[in-house]
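Working notes, structure below.
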Amino acid sequence: MLSCKETSLLVSQSLDRRLAWRERIALRMHLLVCGACRSFADQAAFLRTAVRRFGRRANAPEPLRLSQDARERIARELRDKQP
Amino acid sequence: MGAVLRRIHSRPLPVTTQGTAPEAWLDMHGDALFRYALLRAHDRDAAEDLVQDTLLAALRSHRDFAGHSSERTWLIGILKHKLADHWRRLGREAPLETPLDAAETDELLEHLFDAENGDHWRTPPSPWPDPDTALEQQQFWKALSGCIDTLPSAQAQAFALCEIDGVAGAEACKVLDVSPTNLWVMLHRARLRLRQCLEIHWFANVSKE
Ligand SMILES: [Zn+2]
């Protein structure tokens, strides 16, 4: 039986790679009996949805995007320097 | 190794390997480059300048772009050189040229699970109240980006690149210069931290209301 620590890593990896069938079975067995890891799995999936949507949002808060000013400045610079 | 790398391409890259016209670079890759620069340099002005320098350098050399990697990976490669110049100008060592090793312990992880008790969660996660509603709220996005900001830089880098910018497995390993195993561990740690941060800064308040 996997520990919660191992399970959480597999939950995470299942989002990033294809698990081997052994891993999938071990994961499913653990999730069947462990509510905490099931919650973690839901939350990891939610994080993925949220973060992808975050990346696509045109009007997302600016902390992680180029500001409009910077964007215009860079566009101008690129136009001027176009060979 | 090749087979492993190919397998972790769980989703298609959003950019073509053919390359787009230089005028489209800013729209297509500007934010991704900015995030990459910001999460390393921790300075908005410097990050903006780095994006500009990168795109100008790309403009001068885009005939050399061989199409072996995606356009975004190519641009990030240029950005890395610009970042190195940036640190040199500041007279500092680049803070993160040795990538996080998977074997390196992360204190948070050590704390989350109880080694004395079969590696169970010390504080077991429980379901979040109404997560879908959160996605509709402007404040939630602030909380999320605040949380991404608190990640250690290697994790933030890996997470932003793979999850926000959609650079998948093998490409991400190339850009970050890590093995797939290290990448998975970094993404996992990032998720553990983000879920904890969001729980404290968002979902704890939701359930009280
Ligand atoms: Zn568990």
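Each value in this text was obtained by applying a stated rule to the coordinates, not by laboratory testing. Small disclaimer: the values here were computed from a predicted structure and weren't measured. As a convention, Cβ positions derive from the backbone with ideal geometry for all residues, glycine included, and neighbour counts pool all protein chains shown.
Just to verify a number: FRET efficiency for B:MET28 and B:LEU109, C-beta to C-beta distance, R0 = 30 Å, to 0.05? Don't skip to the answer; put the middle values down first.
Numbers: r = 35 Å, r/R0 = 1.18.
With R0 = 30 Å, the Cβ-Cβ based efficiency is 0.25.
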Shielding by partners, peptide B:42-53 (average Cβ within 10 angstrom, other chains): 3
Once the dipole of the stretch B:102-208 is set up with Lys and Arg at +1 and Asp and Glu at -1 on Cβ about the Cα centre, which of B:PHE159, B:LEU187, B:PHE203 lies farthest towards its positive end? B:PHE203
Which of the lysines could be linked to B:LYS142 by a straight reach, that is with a Cα gap under 26 Å, when you skip same-chain ones fewer than 8 residues away? B:LYS208
Just checking the output field for B:135-141: average partner chain Cβ neighbours within 10 Å of each residue's Cβ? 3
Candidate aspartates and glutamates for bridging to B:LYS80, where Cα separation is under 16 Å - those fewer than 8 sequence places away on the same chain excluded: B:ASP31, B:ASP43, B:GLU48, B:ASP49, B:ASP53, B:GLU71, B:GLU93, B:GLU97, B:GLU171, B:ASP177
Across peptide B:116-124, what mean number of C-beta atoms from other chains lies inside 10 Å of a residue's C-beta? 4
In Å, the Kirkwood hydrodynamic radius of the stretch A:4-81 over pairs of distinct alpha carbons? 15.6 Å
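Provide the gained length on full extension for the span B:ALA204 to B:HIS42, in nm with one decimal, where the gain is 0.36 nm per separating residue minus the Cα-Cα distance. Intermediate results must be reported in sequence, preceding the final value.
Values: separation 162, 0.36 × 162 = 58.32 nm, distance 2.84 nm.
Going from the current span to full extension adds 55.5 nm.
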Under a plain spin-label model, where a point goes 7 Å from the Cα along Cα-to-Cβ, how far apart in nm are B:LEU59 and A:ARG73? 1.5 nm
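So which helices of chain A fit the span-like rule, where a helix is a whole DSSP H run, its Cα atoms reach 15 Å or more along the axis, and its mean Kyte-Doolittle is at least -0.5? Walk me through the numbers before you get to the answer.
Values: long enough: A:4-16 (18 Å, 0.05); A:21-33 (19 Å, 0.21); A:35-56 (32 Å, -0.18); A:68-81 (20 Å, -1.96).
Taking the DSSP H segments of chain A (at least 15 Å long, mean hydropathy at least -0.5), we get A:4-16, A:21-33, A:35-56.
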Where the centroid of each part is defined by its Cα atoms, how far is the stretch A:1-54 from the stretch B:113-179 in Å? 13 Å
Alpha-carbon spread of the stretch B:102-208, three principal axes, descending order, Å: 43, 39, 19
Using 7 Å Cα-to-Cβ label points, what is the B:GLN139/A:VAL33 separation (nm, one decimal)? 4.1 nm
